[in-house]
Amino acid sequence: MDIKIKRIYDDAQDSDGFRILVDALWPRGLSKERARIDYWARDIAPSDTLRKWFNHEPSKWDEFKVRYWNELDSKLDHVKELMRIINERDKVTLLFSAKDRERNNAVALLEYIRSKSNY
C-alpha cells in the first residue's frame, strides 16, 4: 500500500493513484477539473473550531494532532470508510490545501491511520 500526501494545488499526476481530498472546505480558486479528486472525505477533516484554533501556527502543531486524533476517534465510522477506500487501492494520495507541507491535517491524518493499522 502506497499512501502519499500532496498539496491539492500541485499538478495531478497518474502516479498519485486514487486522489482523496481531506479538507472540509473546497480549495480556493481551484476548479474541479484541475483538482482531479476521486473522493472528497470532508467528514474526516478537522472541525471548524479546531481548524480556526490551529490557524497553522507551528507552535500549536503537537496539540493540534492530539485534538484532531480525539476528533477522529469520535468519527470511527468515517475513519473506517476511509480505510476501506484506501485498502481497495494500490496507490492513494491524501490531498490538502494548506501552505505548510509539514504541519497540516493530511500529515496528522496519515500518522493517525498508520498508528491504527500497518501502513
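Restricting segment 31-76 to residues that are of a type in the set (A, V, I, L, M, F, W, C) and exposed (fewer than 15 other Cβ atoms within 10 Å of the Cβ) leaves a set whose member that is nearest to Asn87 (Cα to Cα) is Leu76. Only one of the numbered conditions (1) in contact (Cβ under 8 Å) with a residue 40 or more places away in the chain; (2) of a type outside the set (Ser, Thr, Tyr); (3) surrounded by 14 or more Cβ atoms within 10 Å (Cβ to Cβ) is violated by Ala24, and that is (1).
Which fully enclosed helices (runs of 4 or more DSSP H) of segment 10-111 have 1 or more residues being of a type in the set (D, E, K, R) and at pLDDT below 95?
Numbers: elements: 32-35, 48-54, 61-73, 76-87.
Those helices (runs of 4 or more DSSP H) span 32-35, 76-87.
The values are calculated or read from the model by the stated rules, or taken from the named source; none is laboratory data. Since the model is a prediction, treat every value here as computed from it, not as a measurement. So basically every Cβ, Gly included, is an ideal-geometry build from the backbone, and we count neighbours across all protein chains shown.
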